């Protein structure tokens, strides 16, 4: 039986004492590299959610030497990562509301130098764009080519409803596998090296 991750609020981390503590935490950002490059908590390491299993030994090592905070854009992916880590016996906490809540509370997000970034859209924005494009494409092809193409729009609408009901997003999983959302091997290896040194 696994326990729920401990939520930490941005307000809790924003106090002077907690700011010092933030530097003592191992902060793991489980968003895509493009999202991470758009702004992350100071000192956060980027290990995308679908690479957390690969990083288990290094995360376990870091957890044995201090507390681990897992973050994402809104808190949903970090909760999933924390559950996975908890199943492996690795205690973690998650940032309630994610980097979105952190920034909304007026705290700074670190952005790498322009030459180091792979800045791009957030996963939520990519999903909205892709879903909207597919719906428009299905409707246009349904009018211009054959009415059966309208089933594409119906399928996307059904997928969005299912996504909302189950609080999952299959489209984000698929989009996360695109090259611009994948970590460069060197970047992931560098993050794992930092975790091994904790």
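The values are calculated or read from the model by the stated rules, or taken from the named source; none is laboratory data. These numbers come from a predicted model, not from an experiment. Neighbour counts are summed over all protein chains in view; Cβ atoms, including those assigned to glycine, are modelled from backbone coordinates with ideal geometry.
General remarks:
- Number of positions in region 156-184 that are more than 20 Å from residue 48 (Cα to Cα) and either modelled with pLDDT under 90 or under 23 Å from the mean Cα position of the chain (by Cα) (or both): 9
- Qualifying residues in region 11-50 (those that are assigned to a loop (DSSP other than H, G, I, E, B) and in contact with a helix residue (DSSP H, G or I) (Cβ under 6 Å, 6 or more places away or on another chain)) - the one modelled with the lowest pLDDT: 32
- Any chance residue 153 is surrounded by 11 or more Cβ atoms within 10 Å (Cβ to Cβ), over 28 Å from residue 38 (Cβ atoms), modelled with pLDDT of 90 or more and within 25 Å of the chain's Cα centre (by Cα): no
- Which numbered condition residue 53 misses (of (1) modelled with pLDDT of 90 or more; (2) in contact with a helix residue (DSSP H, G or I) (Cβ under 6 Å, 6 or more places away or on another chain); (3) within 22 Å of residue 169 (Cβ to Cβ)): (2)
- Any chance residue 125 is at pLDDT 90 or above and either closer than 23 Å to residue 177 by Cα or part of a helix (DSSP H, G or I) (or both): no
- Positions within region 145-197 being without any contact (Cβ under 8 Å) to a residue 60 or more places away in the chain, in contact with a helix residue (DSSP H, G or I) (Cβ under 6 Å, 6 or more places away or on another chain), assigned to a helix (DSSP H, G or I) and closer than 30 Å to residue 57 by Cβ, in sequence order: 172, 175
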